[in-house]
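Structure record follows, encoded as structure tokens.
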């Protein structure tokens, strides 16, 4: 069990570093989603199923959706701005 | 008036008068080089500490082109080293502290004292909850949880403040938002709709199950509410705003949210007031294990669930187009 | 149990409840509800103060059905009740003092949201004052932070978003550090309520175990709350935050929000870790030095500033330095002086921000010194309020600032001779610097100008705002003249803390 | 060497939490990109919660959900940290939602996600 949770921890740290060093924001967000899922498994190992279900629903679910929608919104604002420039 | 002093220009009085008028800065170029050496970096006077550490993050070549001299580059290197040193210091400080803490998984750690003992041994009897964590956050420490719901509420108010578009008062920006929303949006995607048809009821039922069984099994208002919200979000993504509006428009969501919060605050006031004044509460713990047990906790879970679901759904719609 | 003991609980719940109800009310109703609620809370807090001062004993109040180590608790003493009263008065005056600005600067459809933020801010301030539970403190710190961020962005201008982001980043680091300190404390004591945690810590200190974690906990809590209250070194968010939002919010942010964190810090010092272990860990020395540097550097930065509001914001850095210097003296007298300065600075700084708004309104809304020339003639009451607040900050007798400066100077004598000399020198230098930049503004706004410039350029402050300014001058003088009962109350409240 | 191995074995969850905390905080303070700042904030919060929750774990015991009516302390782990973290997770979601809303507003005004560039644009406006 210790080995398994150590592997999970190494994954967690790799994910955290990956977020900082990835170039693409979309990839960063996907890595963050993976981070949340691994964290949720880690909660299970720590015998806290309440936290696991909350982290899976809130961290990997809603927060990531909000990140994606933020990114999408930013892209659409950029596109609109570029179109306006073209029109001028 | 006295006659003008020939030595006036450049004198102390001229400087004073200029400073009073706001044209002259008495310490510019003198003080900041001595006392706050790091402030020489930019042309701005108040280049402050956290701005400076933010600048280490990345070499931004444009900064050099903007005519800020090479000094900035040198300072950035210094700050980069400084920040690395700070990080290493913080890690070693915390690790050093951790090494003095009780071991991980130690049954004799100071945390396992009479408090957790009572929660475990008496929790089911006093609160009627099989899930001890729920009994703790909604029973023993109910005030904290009410505060936490208020955190979500105040955050949703701030987001409303920032992003809401008033469709009646400001139709122009509403139209812009509508157009923005159309970008990158698949319209009437059949696969998505079929999948949503299948999944949305399942997700919603699961969410309701998690909320209602909060006192019996893992989960509770927060997780269940988030699950229900994700079901609603999936439906919205598949079918678009028009179809969703038939049963989930702004008024319904706001009314649900406000209603749940008002009922929650009434319930919590009753709970706290009776507790503090040693009055008899009409909501007893009931038979542990039944769905209608645990007194107020079932209702508190439902209120929290509805509030969380509505808030998350509002976040999503606000982010997408500034309103439901 | 007597019914009056329920008052603090009712205050907290009332403010949260009115926030929730305001969500479905129109803006005007939300405004009246807010004003009524603050008044009610003020009356209830005054009742609590009278009750606690009468019995001479503090009491704890169960927030739930279970007593101390199991359930939440709040604790009510003279100090808490007095702070609640003062905070309510400042809140009420600040809201009245900027009410026309709020009407002008905030969109009609968003007014109820603004009052929700104010209601929840008051709830969190009260909870931070009264709480006897560390985790409740954390939750309400978050409410406070988010509500404060909301107050920064109410004008919906591009510049305020940047200040909000910077404020949020710094604050979140602060609350993160605070929560880590809390987890460590929980790890070594197993308690989250202040009273049992203190008992457990006393045992730990007697045994000599866990010495290192204890010191780190203190450092983390001081840094975490220091960042949020604008201690020197972590003060960089202050000028941006106070400089661009609507005057009511500037006044509330500078005079209440940062002070509540300092109050919580003092509470944790006395009620959890014990002031003796703070002194023996030499942490007070660091707080003392940071306070002294802040007193000087804040004033220097204020002298360099050309925008009157940013100048006042930098003066906040200096004044918060005074408070930390008082705590850093390491004596009870020093802490009393610091607590008194919390009150004084709260009153005076809100007065400054409100009167600056009045002055800049009659100068075409500009805030640089050049445009403000002669503004004191254009709006007499704002000029008077500004002058009174400046004199108070400088330390003129008959104003509240004089008393707190006197308290700082006399309490320094109870500390060691090294501290005494350092504190006196820096107090002197800082007073001179204060005089320099405050008198500069006073001279500017009373520069003789011609007839044309004596007319109002822009909008004159409304009647309510003028009345609020007059009330603030009065309050300042009252606190300055009748300071003895307040100081006595602070002393007895601090004695109850232990 | 033994010290390090002992430390690793006895405190591995705490050590992970410390490293994640520092990574998250560095991201929050030093990253210029606002989205990455927010992710850093979330990682920092998760790390603190991991740190807090690891205080409640007791080796060989099960989750605090009463099975078969047995309410024996020797059987279940400490429920307090789990409850506190549950509170904390919701706080961190609300904070990050607020930060994202601020990010959208900033992007609308300045058309960039880079805080450095935003500061430079502001400085230009002021000059």
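The values are calculated or read from the model by the stated rules, or taken from the named source; none is laboratory data. Since we're looking at a predicted model, the values are computed, not measured. All Cβ positions, glycine included, derive from the backbone under ideal geometry; neighbour counts span all protein chains shown.
Taking (1) more than 7 Å from every other protein chain (Cβ to nearest Cβ); (2) in a helix (DSSP H, G or I); (3) crowded, with 24+ Cβ neighbours inside 10 Å in turn, residue B:150 satisfies each apart from (1).
The lone criterion from (1) touching a residue at least 12 places away in the same chain (Cβ under 8 Å); (2) within 8 Å of chain B (Cβ to nearest Cβ) left unmet by residue D:73 is number (1). Screening residue B:167 against (1) assigned to a loop (DSSP other than H, G, I, E, B); (2) touching a residue at least 60 places away in the same chain (Cβ under 8 Å); (3) touching a strand residue (DSSP E or B) at 6+ places or on another chain (Cβ under 7 Å) leaves a single unmet condition, (3).
Here is a list: C:214, C:179. Which entry is farther than 13 Å from residue B:101 by Cβ and assigned to a helix (DSSP H, G or I)? Show your work before the answer.
Details: C:214 fails: farther than 13 Å from residue B:101 by Cβ.
The conditions single out C:179.
Just one residue in the set C:275, C:269 is crowded, with 21+ Cβ neighbours inside 10 Å and out of contact with any strand residue (DSSP E or B) (no Cβ under 8 Å at 6 or more places or on another chain); that residue is C:269. Within the range B:144-164, being touching a residue at least 40 places away in the same chain (Cβ under 8 Å) and within 24 Å of residue D:66 (Cα to Cα) holds for one residue alone: B:145. Every condition in (1) under 24 Å from residue C:87 (Cα atoms); (2) over 18 Å from the mean Cα position of the chain (by Cα) is met by residue C:255 except one, and the failing one is (2).
Looking only at helices (runs of 4 or more DSSP H) that fall completely inside chain A, which ones have 3 or more residues that are buried (at least 19 other Cβ atoms within 10 Å of the Cβ) and more than 12 Å from chain B (Cβ to nearest Cβ)? Reasoning before the result, please.
Working: elements: A:2-21, A:25-45, A:49-54, A:64-87.
Answer list for chain A: A:2-21, A:25-45.
Scan the range D:20-70 residue by residue and report those that are more than 7 Å from chain B (Cβ to nearest Cβ), without any contact (Cβ under 8 Å) to a residue 12 or more places away in the chain and under 20 Å from residue D:95 (Cα atoms). D:36, the sole residue that qualifies.
Can you go through A:25, A:12, A:37 and tell me which one is in contact (Cβ under 8 Å) with a residue 12 or more places away in the chain and touching a strand residue (DSSP E or B) at 6+ places or on another chain (Cβ under 8 Å)?
Numbers: A:12 fails: touching a strand residue (DSSP E or B) at 6+ places or on another chain (Cβ under 8 Å); A:37 fails: touching a strand residue (DSSP E or B) at 6+ places or on another chain (Cβ under 8 Å).
Sole residue among the options that is in contact (Cβ under 8 Å) with a residue 12 or more places away in the chain and touching a strand residue (DSSP E or B) at 6+ places or on another chain (Cβ under 8 Å): A:25.
What number of residues within the range D:7-19 satisfy the criterion of being surrounded by 21 or more Cβ atoms within 10 Å (Cβ to Cβ) and either at the interface with chain A (Cβ under 7 Å from one of its Cβ atoms) or within 12 Å of the chain's Cα centre (by Cα) (or both)? Residues that pass the stated criteria total 3.
Picking from residues in the range B:98-114 that are more than 9 Å from chain D (Cβ to nearest Cβ) and assigned to a helix (DSSP H, G or I), the one that is surrounded by the most Cβ atoms within 10 Å (Cβ to Cβ) is B:100.
The set of residues in the range C:365-392 that are out of contact with any helix residue (DSSP H, G or I) (no Cβ under 7 Å at 6 or more places or on another chain) and under 22 Å from residue C:346 (Cβ atoms) contains only C:391. Looking across the range C:143-156, the residues that are farther than 12 Å from residue B:144 by Cα and in contact with a helix residue (DSSP H, G or I) (Cβ under 7 Å, 6 or more places away or on another chain) come down to C:144, C:145, C:146, C:147, C:148, C:149, C:150, C:151, C:152, C:153, C:154, C:155.
The single condition among (1) facing another protein chain (nearest Cβ under 10 Å); (2) assigned to a helix (DSSP H, G or I); (3) more than 30 Å from residue D:109 (Cα to Cα); (4) at pLDDT below 90 that residue C:159 does not satisfy is (3).
Residues in the range C:331-340 that are more than 14 Å from residue C:403 (Cα to Cα) and either surrounded by 24 or more Cβ atoms within 10 Å (Cβ to Cβ) or under 13 Å from the mean Cα position of the chain (by Cα) (or both): C:335 only.
Given the condition at the interface with another protein chain (Cβ under 7 Å from one of its Cβ atoms), without any contact (Cβ under 8 Å) to a residue 24 or more places away in the chain and in a loop (DSSP other than H, G, I, E, B), answer yes or no: does some residue in the range B:115-137 qualify? No. Looking at the structure I just gave you, is residue C:52 without any contact (Cβ under 8 Å) to a residue 24 or more places away in the chain, within 18 Å of residue C:4 (Cβ to Cβ), away from chain B (no Cβ under 14 Å) and not in a loop (DSSP other than H, G, I, E, B)? Judged against the criteria, residue C:52 is not a match.
Would you confirm, using the coordinates I've provided, whether residue B:198 is free of Cβ contacts under 8 Å to residues at least 40 places away in the same chain, surrounded by fewer than 19 Cβ atoms within 10 Å (Cβ to Cβ) and under 26 Å from the mean Cα position of the chain (by Cα)? The answer is no for residue B:198. How many of the residues making up the range D:76-94 are more than 7 Å from chain B (Cβ to nearest Cβ) and under 13 Å from the mean Cα position of the chain (by Cα)? Residues flagged as more than 7 Å from chain B (Cβ to nearest Cβ) and under 13 Å from the mean Cα position of the chain (by Cα) within the range D:76-94 amount to 5.
Residue C:110: facing chain B (nearest Cβ under 8 Å) and either assigned to a helix (DSSP H, G or I) or touching a residue at least 60 places away in the same chain (Cβ under 8 Å) (or both), yes or no? Walk me through it before giving the result.
Details: facing chain B (nearest Cβ under 8 Å): yes; either assigned to a helix (DSSP H, G or I) or touching a residue at least 60 places away in the same chain (Cβ under 8 Å) (or both): yes.
The answer is yes for residue C:110.
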